[in-house]
Ligand SMILES: *Cc1c(COP(=O)(O)O)cnc(C)c1O
C-alpha cells in the first residue's frame, strides 16, 4: 500500500513483445534478460518473469546481491553475475546456484582451493572495453588450465562485451570480434555451454555470431534504443511511464516567484499546479522547464524542482487530482535523455525506489508492486 499518487507504470506486454521480437531477429538459441539495477528501474522480479515467459531463458545482473534477490523468487533459471565478485563470496553464489564471472588470473588463483558445492564460471574476455576481463591469449589459456585443475569449478561460459556496438560504424565491433578470435585461439570454444557476446545494440544490428549461441539483452528489452547512431530494424515499445497527480492549485500574481532560489518569476497572473514528485524520486533538478502532460495537454515545469515536489504552470482546464504524465508515449524516455544530454539508460535507472512500480499485463493493471526494499516482503511466490 502506498499513500502518495506518484507511480511508475511498467507495461509487461510491451517488454514481452520486445523480448520475443529481438530474440527471433537475433536468431540465438538462448537469451539472457539483463535485469541488473532493478531491471533498469522497472522492477527486477516482475520483469524477469515476463521476459522468461516471452523467450528469454536466463537472467543476468551486475552484482551478487542482485542475483540473490532474484534467486529468492525465481528458482530454476540460470542467473549470471556479470561483474566481479569477491573470491570469498564464491560459496555464497554457488550455494544459490548463481553463475559468476572469472575475470582475472589473480581472482582465479584465489579461488583454486574452492571446495564447496560445484560453482559455474563464465570466463570474461576483454576484447577492447578495458573494463574487466582477461586481456591476452596466454591468460585465457592459463585461466582454463587453472580452472580445470579443480573439479568443483565448471567452465560453463565465455563472454565479452562490446564498447561501440551502438556506434555509427561497425569498425569497433569488427575489431573486437577479431580480438576475440585472437584471445581464444588456444582454447576450444566448444568446451563452453554458453558463448555470449552481444548486448542490445549487437543483437539488433549484427545478429548471431557463428561462435556464439547466446546474447545479453538489456536496454532494448525495455523498448529503448541503445543509441541514435544506428537505425533500429523494427520499432521498440517503451514499457516505462511515470505519473503523478495534482495536489494543489493556486494563482500567483505577476512578479511572484516560484520555488527555491526564485528562479522563475511570473510575468503575468499565472495558475500553478503542485506535484508530489521531486529529485529524491530521481526527477532531477535538470528537468526544470520540461513539459508534462495533463489530460492530453502539455504544460511546463516552472521553478526549481524540490526534493519531494515540483510546480507546473497550468490553465483552468486542470483540476486537483488530475493525472500528470511526466514520461509517457508522447514525452518519452528518449526525449528526456536528449534534453538532459544523457542516455535513456540513465533516465530510467534514476527513478528511485521511493516511487512504486505498478504493472500492466494482458492490458490490465495488475496492481502488483515491486516491494523490493520492504524488509517484510521479499517478492517470493
Ligand atoms: C549491462 C550489460 C549488458 C546489457 O547491455 P544493454 O546495452 O543494456 O543491452 C550486457 N552485458 C554486460 C556485461 C553488461 O554490463
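Residue separation times 0.36 nm, minus the C-alpha to C-alpha distance between residue 364 and residue 53: what's the value? Spell out each step's value before the answer.
Details: separation 311, 0.36 × 311 = 111.96 nm, distance 1.73 nm.
Additional length available on full extension: 110.2 nm.
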Report task. Output the relative contact order of the chain, whole-number percent, from Cα pairs under 8 angstrom with separation of 6+ residues. Result -> 18
Query raised in the report: Computed on alpha carbon atoms, what radius of gyration and Dmax characterise segment 240-331, expressed in Å?
Result: 12.1, 38
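Ranked from highest to lowest mean number of other Cβ atoms within 10 Å per residue, what is the order of the peptides 44-57, 349-362? Show your work: numbers first, answer last.
On the way: 44-57: 22.7, 349-362: 17.6.
Top to bottom by mean Cβ count within 10 Å: 44-57, 349-362.
With N set to the residue count of segment 12-222, report its C-alpha Rg divided by 2.2 N^0.38 Å to two decimal places.
Normalised Cα radius of gyration, segment 12-222: 0.97.
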Query raised in the report: To the nearest 10 degrees, how steeply does helix 137-148 sit against the main Cα axis of the chain, on a 0 to 90 scale?
Result: 80
Query raised in the report: Which whole-number percentage describes the relative contact order of segment 240-331, with Cα contacts under 8 Å and a sequence gap of 6 or more?
Result: 36
**Report entry** Estimated Rh, segment 90-183: Kirkwood, alpha-carbon pairs, angstrom
**Finding:** 14.0
Query raised in the report: Along the Cα-to-C-beta direction of residue 20, a point sits 7 Å from the Cα; which residues of segment 40-62 have their amide N less than 17 Å from that point?
Result: 47-58
**Report entry** Calculated SAXS-style log₁₀ I(q)/I(0) at q = 0.07, 0.08 Å⁻¹ - the chain, Debye, Cα scatterers
**Finding:** -0.37, -0.47
Report summary line: From DSSP H assignment alone, runs of 4+ in the chain each adding -39500 (n - 2.57), the sum over residues rounded to the nearest 500 puts [θ] at 222 nm at -7000 deg cm²/dmol
Query raised in the report: Which value in nm describes the separation of the simple spin-label points at residue 141 and residue 234, placed 7 Å from the Cα toward the beta carbon?
Result: 4.4
Report task. Provide the percentage of antiparallel DSSP beta bridges, counting only those with both residues in the chain; round to the nearest 5. Result -> 50
Query raised in the report: Quick one: helix 12-26 against the long Cα principal axis of the chain, what's the angle to the nearest 10°, folded into 0 to 90?
Result: 40
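Quick one: length gained pulling residue 353 to residue 262 fully straight, 0.36 nm per residue minus the C-alpha distance?
Working: separation 91, 0.36 × 91 = 32.76 nm, distance 2.92 nm.
Here the segment from residue 353 to residue 262 would lengthen by 29.8 nm.
If you rank 245, 131 by fewest surrounding Cβ atoms within 10 Å, what's the result?
By the 10 Å Cβ count, ascending: 131, 245.
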Query - FRET efficiency, residue 29 to residue 317 (Cβ-Cβ, R0 51 Å, nearest 0.05) - result: 0.45
Report task. Mind pulling the angle between the C-alpha long axis of helix 44-53 and the longest principal axis of the chain? Nearest 10 degrees, somewhere in 0 to 90. Result -> 60
Report summary line: Once both label points are put 7 Å beyond Cα along the C-beta direction, the residue 185-residue 148 separation in nm becomes 1.9
Query - Amide N of segment 186-209 lying under 15 Å from the label point, which is placed 7 angstrom from the Cα of residue 174 along Cα→Cβ - result: 206
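Students often check this: by mean Cβ neighbours within 10 Å, which of 279-289, 304-314, 198-208 ranks highest, and how do the rest follow?
The peptides rank, most packed first, as 198-208, 304-314, 279-289.
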**Report entry** Extension gain from residue 129 to residue 95, taking 0.36 nm per residue of separation minus the Cα-Cα distance
**Finding:** 9.2 nm
Query raised in the report: Rg and Dmax of segment 3-129 over Cα atoms: what are they, in angstrom?
Result: 16.2, 53
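Over the residues of segment 1-77, compute the C-alpha Rg and express it relative to 2.2 N^0.38 Å.
Rg over 2.2 N^0.38 Å, computed on Cα atoms: 1.16.
FYI, it's all coordinate maths here, none of it is from the lab. Model, not experiment: these values are computed from the prediction. Please note: Cβ atoms are built from the backbone with ideal geometry, for glycine as well, and neighbour counts cover all protein chains shown.
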